[in-house]
1. Which of the residues spanning segment 115-163 are modelled with pLDDT under 95, among the charged types (D, E, K, R) and part of a helix (DSSP H, G or I)?
2. Can you pull out every residue in segment 44-63 that is β-branched (Val, Ile, Thr) and at pLDDT 95 or above?
3. Check whether at least one residue in segment 7-30 is over 20 Å from the mean Cα position of the chain (by Cα), of a type outside the set (Asp, Glu), buried (at least 18 other Cβ atoms within 10 Å of the Cβ) and modelled with pLDDT of 95 or more, and report yes or no.
4. Hey, can you tell me all the residues within segment 233-275 that are among the acidic types (Asp, Glu) and within 24 Å of Lys194 (Cα to Cα)?
5. Of everything in segment 273-287 that's assigned to a helix (DSSP H, G or I) and without any contact (Cβ under 8 Å) to a residue 24 or more places away in the chain, which residue is farthest from Ile156 (Cα to Cα)?
6. State yes or no: is Gly238 over 30 Å from Asp130 (Cβ atoms) and out of contact with any Leu (no Cβ under 8 Å at 6 or more places or on another chain)?
7. Working only within segment 164-199, note down all residues that are surrounded by 15 or more Cβ atoms within 10 Å (Cβ to Cβ), modelled with pLDDT of 90 or more and assigned to a helix (DSSP H, G or I).
8. Which ones in segment 37-81 are part of a loop (DSSP other than H, G, I, E, B) and within 17 Å of Gln9 (Cα to Cα)?
Amino acid sequence: MDLYSKIIQGDTNALSKAITLVESTLEKDKKESQKLLSKCIQKEHNSIRIGITGMPGVGKSSFIEQFGTTFLRRKRKVAVLAIDPSSEKTQGSILGDKSRMQTLANNKNVFIRPSSNSGILGGVSNNTKDSIILCEAAGYDIIIIETVGVGQSETIVNQLVDIMLLLTITGAGDRLQGIKKGINELANLIIITKDDGNNQEKVKETMLDYNSIMSLNIKTDANSIPKVFKCSSHENTGIKEINIATKQYIQRSKETNLFNIKRTTQKTYWINKILKEELGNRKYNELKQTNRIIDIENKIIKEKKNLFDLIANL
């Protein structure tokens, strides 16, 4: 039985091997992974992609542990793609997120895959998009992408997900001011974590600060202004409300067709990004000037053709 057949049957070992394959830099593995992805992309699955970002120490892994469990109660299969920063010297990465998600890791309906960003900016790795395709083919309903951190360089993850959750803590100080623009552009929900013990009063104050900033948002659509929540992963409070808000946001975006528009925009972004990387600026600009890019986009998005097959024939 080939790798694809095992993946669509939900074999987690096969899924892990497939992600390792798409992460490989060997030329023969690249060719094999593209063949596999071409099959997997044909396997439609009504999944929801959720991005979770936040500054180091905010408790992203602890939050995902509790947040992911709420989907399991609704009989959903959950995949977590956790991106870790890599060392500039050794290119290695700790990949320790899975150890902080013991409840999820021990559930048969959960797949957790830590990966190194290999020094790539954007909060995700170059292969996160492909890992999502593989997880969807394997039948996962909820795909959570935990990014490296927060800031202007992490906005690329927004080209992968349907909703973005930004986690923050009390006492952020100047960092709150520094990421104002990033929040407005990136986050759909803002969550103040560690709402427990002696920290609860500070959490209330931080919520007021964020709500004040959001009220100054230049966007005219009130629905586009991020809502602010608080939670405690330690005491498992506020998580249910965040799950409901996530569900409502997705439902609203589907009703207004923004969901499909965003997915199409994301596909177009990645098509152009890969074309530019594979062909170089000069050839890419030639395609753009002659409007051949539009033809390529249509063949991939509407006809589900393989991008790398099209590139080989250019």
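1. Hits for segment 115-163 are Lys129, Asp130, Glu154.
2. Hits for segment 44-63 are Ile48, Ile50.
3. Yes, because at least one residue in segment 7-30 is over 20 Å from the mean Cα position of the chain (by Cα), of a type outside the set (Asp, Glu), buried (at least 18 other Cβ atoms within 10 Å of the Cβ) and modelled with pLDDT of 95 or more.
4. Matches in segment 233-275: Glu235, Glu241.
5. Glu286
6. Criteria met by Gly238.
7. Asn199
8. If the condition is that a residue be part of a loop (DSSP other than H, G, I, E, B) and within 17 Å of Gln9 (Cα to Cα), then Ile41, Gln42, Lys43, Glu44, His45, Asn46, Ser47, Arg76, Lys77 are the ones that fit.
The values are calculated or read from the model by the stated rules, or taken from the named source; none is laboratory data. Everything quoted here is computed from the prediction, not taken from an experiment. Ideal geometry is used to build each Cβ from the backbone, glycine not excepted, and the neighbour counts take in all protein chains shown.
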